[in-house]
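The values are calculated or read from the model by the stated rules, or taken from the named source; none is laboratory data. Please read these numbers as outputs of a predicted model, since none were measured by experiment. Glycine gets a Cβ as well: all are built from the backbone with ideal geometry, and neighbour counts include every protein chain shown.
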Amino acid sequence: MSARLIDGKAAAARVLTEVATQVERLKAQGIEPALAVVLVGDDPASHVYVRNKVRSAGETGIRSLERRLPAETSAEALLAVIAELNADPLVNGILVQLPLPGHIDETRVLQAIDPHKDVDGFHSENVGGLSQGRPVLTPCTPAGCMRLLRDTLGDLSGKHAVVIGRSNIVGKPMAALLLAANCTVSVLHSRSRDAQALSRQADIVVAAIGRPRMIGADWIKPGAVVIDVGINRIEEDGRNRLVGDVDFDAVLPVASAITPVPGGVGPMTIALLMHNTVTAARQQHG
Ligand code: GUN
């Protein structure tokens, strides 16, 4: 048997079509949704992500503005930019691309964003809403994973989901969303004992650890659905390659469905960012 490929590009295109329709409707009411993207420093991967976000915004009719700041920008200068965007009534969403340079405290910056404009869903007010089961602006990558899971499995109620990784950006919000969907949720991390045996019990495995091909066939129950959040750049056979946290070739014959890397979760993250921008715009005018 070979797993079905979960096509993140096609699913993202569907979300972006929905978003474009909603943008048109808002524009007919005189509201032009706008997303501000803040990029500090010159991390090459961050530049690629920001370029893709700005392009997707354009494709859905969302106005975007970019604030590029040099790597040596002080925390105070960055906070001043955020304060200005918070105060601008024509800006609905604010995204500060992570990681920030080491001298800037990320939490302090994320907490400075107006929670109503926090399209990443990283502000403690939005994190709290999610953990209490009343999500408004939900982190884009886990929200994208949930769409892929619902498209693949329908109702997730009662399924055993294992999330591997406990980051604030993916692992923790992913666990909260799965719990809200009535899954039985286990979160595994670097200190977990018998992680592989626990993972092998799961109906759903979400891998978000940032370690290339760590999850092999022996982590996966036959027929499980596997969502691979990892985007790792490796050097192989003299070539630069993008690989996930899952050993795709090994898991393919075991799982019932799996996301490829690239073309799985990645496109969904951007699509859900556009969705959140429209939600934020609607909320601010509601
Ligand atoms: N860097 C890696 N993933 C993300 C994300 O989802 N949001 C932001 N702002 N930065 C990131």
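Filter the stretch 229-279 down to the residues that are part of a strand (DSSP E or B) and polar (S, T, N, Q) and list them by number.
232, 240
Go through (1) in contact with a strand residue (DSSP E or B) (Cβ under 7 Å, 6 or more places away or on another chain); (2) closer than 21 Å to residue 13 by Cα; (3) within 16 Å of the ligand (Cβ to nearest atom) one by one and return the number of the condition residue 274 breaks.
Residue 274 satisfies every listed condition except (1).
Going by what's in this entry, would residue 261 be described as buried (at least 18 other Cβ atoms within 10 Å of the Cβ), more than 16 Å from the ligand (Cβ to nearest atom), in the same structural domain as residue 162 (by TED's automatic domain parsing) and farther than 18 Å from residue 91 by Cα?
no
Show the residue pairs meeting these rules: Cβ distance below 6 Å; 6+ apart or different chains; first residue within the stretch 85-113 and closer than 22 Å to residue 269 by Cβ; second residue outside any loop (DSSP other than H, G, I, E, B) and away from the ligand (no atom under 15 Å from the Cβ).
91/34; 92/34; 92/281; 92/284
For the stretch 219-254, how many residues meet the condition of being under 24 Å from residue 143 (Cβ atoms) and basic (Lys, Arg)?
Initial filter on the stretch 219-254 (under 24 Å from residue 143 (Cβ atoms)): 220, 224-232, 242-246, 248, 251.
Still in the list and also basic (Lys, Arg): none.
Total satisfying the criteria: 0.
Give the residue that is farthest from the ligand (Cβ to nearest atom), with candidates limited to residues of the stretch 162-203 that are among the small types (Gly, Ala, Ser), touching a residue at least 24 places away in the same chain (Cβ under 8 Å) and within 24 Å of residue 124 (Cα to Cα).
Within the stretch 162-203, the match that is farthest from the ligand (Cβ to nearest atom) is 186.
So which of 208, 217, 197, 176 ends up being among the small types (Gly, Ala, Ser) and either touching a Phe, Trp or Tyr at 6+ places or on another chain (Cβ under 7 Å) or closer than 21 Å to residue 155 by Cα (or both)?
Criteria check complete, one pass: 176.
Going by what's in this entry, would residue 211 be described as assigned to a strand (DSSP E or B) and closer than 21 Å to residue 48 by Cα?
no
Would you confirm whether any residue within the stretch 156-179 is within 30 Å of residue 93 (Cα to Cα) and polar (S, T, N, Q)?
There is at least one residue in the stretch 156-179 that is within 30 Å of residue 93 (Cα to Cα) and polar (S, T, N, Q).
Determine, yes or no, whether residue 150 is in the same structural domain as residue 185 (by TED's automatic domain parsing), surrounded by fewer than 18 Cβ atoms within 10 Å (Cβ to Cβ) and either within 12 Å of the ligand (Cβ to nearest atom) or part of a helix (DSSP H, G or I) (or both).
Yes; evaluated as a whole, the condition is true for this residue.
Given the conditions (1) surrounded by 18 or more Cβ atoms within 10 Å (Cβ to Cβ); (2) part of a loop (DSSP other than H, G, I, E, B), report the number of the one that residue 110 does not fulfil.
(2)
Considering only residues that are in a loop (DSSP other than H, G, I, E, B), more than 17 Å from residue 265 (Cβ to Cβ) and touching a residue at least 12 places away in the same chain (Cβ under 8 Å), which ones fall in the stretch 128-147?
133, 135, 136, 137
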